[in-house]
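Read-outs throughout are calculated quantities, based only on the coordinates presented, and are distinct from any laboratory measurement. Remember, it's a predicted structure, so these values are computed and weren't measured experimentally. We place every Cβ from the backbone using ideal geometry, glycine too, and count neighbours over all the protein chains shown.
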Amino acid sequence: MVEVVYERCCGLDVHKQTVVACLLVPGTGKQPRKEIRTFGTMTDELLQLGDWLAAAGCTHVAMESTGIYWKPIYNLLEGSFELLLVNAQHMKQVPGRKCVFR
């Protein structure tokens, strides 16, 4: 069983033209509820991402620091959420890391 560290959190898979968000919130029983949505990378779409996360009560957002595509997202979400910028190489060594995104 994975220990819950952040009850309402989101992982972002950032690409040049899309951002795939996997939101985890409390579900029924002990299993979290996952919701996955894809957003574009234009400002209005990133603001929609922020609105969706805020409406769900999300507190923490993690994204990999690959390339430069994370920078506009970070700038728009900064101040609204606790942002975690992670090194992709470090994430590959975390046991159970993929269970969040299945």
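Let me check I've understood the local charge: for SER80, count other residues with C-beta under 14 angstrom from its C-beta, Lys and Arg +1, Asp and Glu -1. What total comes out? All intermediate terms of the calculation are to be shown ahead of the outcome.
Numbers: positive: ARG8; negative: ASP51, GLU78, GLU82.
Spelling it out: positives minus negatives among the neighbours equals -2.
If Rh is defined by the Kirkwood formula over all Cα pairs and Rg also comes from Cα, what ratio Rg/Rh do you get for region 1-54? Can you show the working numbers first?
Numbers: Rg = 12.6 Å, Rh = 12.1 Å.
Over the Cα atoms of region 1-54, Rg/Rh equals 1.04.
What does the highest-first list of 54-61, 78-85 look like by mean Cβ count within 10 Å? List each step's numbers first, then the result.
Values: 54-61: 16.0, 78-85: 13.2.
Averaged packing, sorted descending, gives the order 54-61, 78-85.
Once you list every other residue whose beta carbon is under 13 Å from the beta carbon of ARG33, what net charge do they have if Lys and Arg are +1 and Asp and Glu are -1? List each step's numbers first, then the result.
On the way: positive: ARG8, LYS30, LYS34; negative: GLU7, GLU35.
Summing Lys and Arg as +1 and Asp and Glu as -1 gives +1.
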